[in-house]
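*Asks:* Supplied in structure tokens, the structure appears directly below.
No lab work stands behind these numbers, since they all come straight from the coordinates. Small disclaimer: the values here were computed from a predicted structure and weren't measured. A quick note on method: Cβ atoms are made from the backbone with ideal geometry, for glycine too, and the neighbour counts reach across all protein chains shown.
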Amino acid sequence: MNGQRSPNKKSLLTAAVLGLFGGLLLSIPLSRSLLPSTELPKLTSISNPFEGWSSFDNENIVVLGMDAGGGNTDTIFILSIENGDTSIIQVPRDSYIDSRSFGPMKANALHARGGPNAVKTELTRLMGRPINHHILVNLEGIRTISDLLGGLEVDVPKRLYYQDKSQGLLIDLQPGRQVLKGRELEGFLRWRHDGQGDLGRLDRQQLVLKSLFNKLIQPQHLIRLPALITAAGRNLETDLGPMELGKLITTMGTTDLQTSRLKARPFYQNGVSYLDTQWPGKETTRGVDATESSSRRFQLLF
């Protein structure tokens, strides 16, 4: 034996934080789309740069993945860190909501109608918890991040094939464990042609989220986080500043991941397919919200 001890988790985290902070100083200014305003952060205001990185607790962040058209949201989930756990709660994009500002609609149309603030307001009401921040990323940003991470390992559950010549879209994936990146990863996330629709896509998104989490918390990727954020900057919009993003990811590195999705069942109303979603922040009757309930819904599918 050489008498050397392998680095423990605490020392790896310390090294990651040091590298990450140094990278942030070197990478300022980051993309202006990452800042809540057009003003750049003032380094003179930082008294103890490590003090604010110790934890990121009791915050709820909605993460929105934009669809190819750039209006509606393909992916919606709530990210929270509390009591040593990072929790991700997936919100079905086809969920029926009776918006206080815009009336009845699908959840994925909220951003197009009222932007991130409308999404945070409605989800705060429906989830029964304050949604304080947002991260908005489009498909190009997802491809960029996955490529810089060397791809994401996913166990593709079955053959996925779909072609849409009008969009120039081809999805052709074989089953089995494999590393996906770029357009292959995009196709895996977008595919929904097996009769399961949005619910099946939520299962596939959960596989990708777990793989992404496991990649991001590795020390070598924590240290490269400023470069990852900068590279994805033009495809990423958030009201979190660079320091807050770094604190978020660093805190995630010391937690366990818990994933879940809101329960939902399909139904039709006025010829439109929706999901009847059970919202945790609403009083329910037989699992259905009393104010956004089946009293206005018909043709439930079981």
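*Asks:* Give me, ordered by chain and number, the residues 5 or more places off SER99 or on other chains with an amide H under 5 Å from its own placed amide H.
*Replies:* Long-range HN contacts for SER99: MET105.
*Asks:* Under 1.5 on a/c is rounded, so check that first for segment 118-230, then, if it is not, pick prolate when a/b is larger than b/c and oblate when it is not; a ≥ b ≥ c are the square roots of the alpha carbon gyration tensor eigenvalues.
*Replies:* Cα axes put segment 118-230 in the oblate bin.
*Asks:* Using alpha carbon coordinates only, what is the Rg to Rh ratio of segment 56-123, with Rh defined as the Kirkwood radius?
*Replies:* Working: Rg = 12.6 Å, Rh = 12.5 Å.
Dividing the radius of gyration by the Kirkwood radius yields 1.01.
*Asks:* With label points built 7 Å along Cα→Cβ from the Cα atoms of ASN83 and TYR161, find their separation and express it in nm.
*Replies:* Between ASN83 and TYR161, the label points sit 4.8 nm apart.
*Asks:* So for segment 170-236, considering every pair of alpha-carbon atoms, how many percent are separated by more than 17 Å?
*Replies:* So the portion of pairs separated by more than 17 Å is 55 percent.
*Asks:* Tally Lys/Arg at +1 and Asp/Glu at -1 over every other residue whose Cβ is under 10 Å from the Cβ of LEU275; what's the total?
*Replies:* The answer is +1.
*Asks:* Further, regarding this structure: For a 27 Å ceiling on Cα separation, which of these pairs sit above it: LYS158/LYS215; LYS120/LYS158; LYS158/LYS210; LYS106/LYS181?
*Replies:* LYS120/LYS158; LYS106/LYS181
*Asks:* Still on this model: Let me understand segment 154-207 better: what is its radius of gyration from the alpha carbons, and its Dmax, in angstrom?
*Replies:* 10.5, 30
*Asks:* Which net charge results for the neighbourhood of ARG204, defined as the other residues with beta-carbon distances under 10 angstrom from its beta-carbon, given Lys and Arg at +1 and Asp and Glu at -1?
*Replies:* Values: positive: ARG190, ARG192, ARG201; negative: ASP203.
Local net charge: +2.
*Asks:* Another question, then. Sum up the charges of everything whose Cβ sits under 10 Å from the Cβ of GLU140, counting Lys and Arg as +1 and Asp and Glu as -1, but leave GLU140 out.
*Replies:* Summing Lys and Arg as +1 and Asp and Glu as -1 gives +1.
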